[in-house]
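Presented below is the structure to which this report refers.
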Amino acid sequence: MGNTYYALFLNEPATPAFCSFDKMYIGTAAELLIAINRLQADGLYPDSVKAVREYLNGNRKAVHSVAYQEKPALEPVQFITESKLILSGKKWEHLNAWKCPYEMKISRAVVSQIVIKRSKKYFRCVRAWMNDLLYQAPDDSWHKLDGGFWGNSSILDVSSLPDGHFQINNLLYVVEDEHNTIEEAIKDIKNPESLVFDRICDEIFGDG
């Protein structure tokens, strides 16, 4: 399957508890195997884990249930282009599902972006290896975000770095934005200012 990319749908974590939507994740077969191994180890999405394994073993008709709908286990998508960026520090404001702000910052990040096409739409998707991800509390103190996540936490990997630092990475790509044309989708792929990381932060804060 090489570097073919697939869409995997899981429950959308950043919605109120009384709503059910799905969220698209993108990855290669190798990346998806790492993610579903984590899901299985955490005892989450057993139906999805089983279906993805069946699909990767050759059963292209494998399905699973997400947000009360039956969906294909995986869906091949068309890869368009990619980019790599290195950020030396960044601050930004993240709005949660209730539009409440979180002030965020990192000391460094390596960012991988891809543009894919699915169902006549173009999506700019992002993975990030972020060092020292912090959020600001109401008393203006800064706190580590290295565990206790409220979204699909199995999709996030946290590792320790030397000298007490840490790194957080989303194992699968998440969508930053979508467009109707390829020109719009690739326009900002090399622009660091286009990065917002909202869909990664949604895995941290969920609907809270």
Those residues of region 181-208 which are over 21 Å from residue 144 (Cβ atoms), under 18 Å from the mean Cα position of the chain (by Cα) and of a type in the set (Asp, Glu) amount to 207
Selection status of residue 172, more than 24 Å from residue 24 (Cβ to Cβ) and either in contact with a strand residue (DSSP E or B) (Cβ under 9 Å, 6 or more places away or on another chain) or of a type outside the set (D, E, K, R) (or both)
no
For region 96-107, pairs from a residue that is assigned by TED's automatic domain parsing to the domain that holds residue 15 to a residue that is modelled with pLDDT of 80 or more and of a type in the set (A, V, I, L, M, F, W, C), with Cβ under 9 Å and 6 or more apart or across chains, are none
Of the candidates 202, 207, 177, 163, the one satisfying the condition of being farther than 16 Å from residue 116 by Cβ, among the charged types (D, E, K, R) and at pLDDT 90 or above is 202
Condition set more than 16 Å from the chain's Cα centre (by Cα) and surrounded by 12 or more Cβ atoms within 10 Å (Cβ to Cβ), scope region 124-144, selection farthest from residue 200 (Cα to Cα): answer is 142
If we keep only residues of region 150-181 that are touching a Pro at 6+ places or on another chain (Cβ under 9 Å) and surrounded by 20 or more Cβ atoms within 10 Å (Cβ to Cβ), then the residue farthest from residue 10 (Cα to Cα) is 151
Quiz item: Would you say residue 146 is modelled with pLDDT under 95 and either among the acidic types (Asp, Glu) or in contact with a Ser or Thr (Cβ under 6 Å, 6 or more places away or on another chain) (or both)?
Solution: yes
Taking region 95-148 and keeping only residues that are under 21 Å from residue 175 (Cα atoms) and of a type in the set (Ser, Thr, Tyr), one is left with 102, 112, 119, 122
Test residue 65 against the criterion of being touching a His at 6+ places or on another chain (Cβ under 8 Å) and either small (Gly, Ala, Ser) or modelled with pLDDT under 95 (or both), and give yes or no.
-> no
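The values are calculated or read from the model by the stated rules, or taken from the named source; none is laboratory data. Everything quoted here is computed from the prediction, not taken from an experiment. Note: ideal-geometry Cβ built from the backbone for every residue, glycine included; neighbour counts use all protein chains shown.
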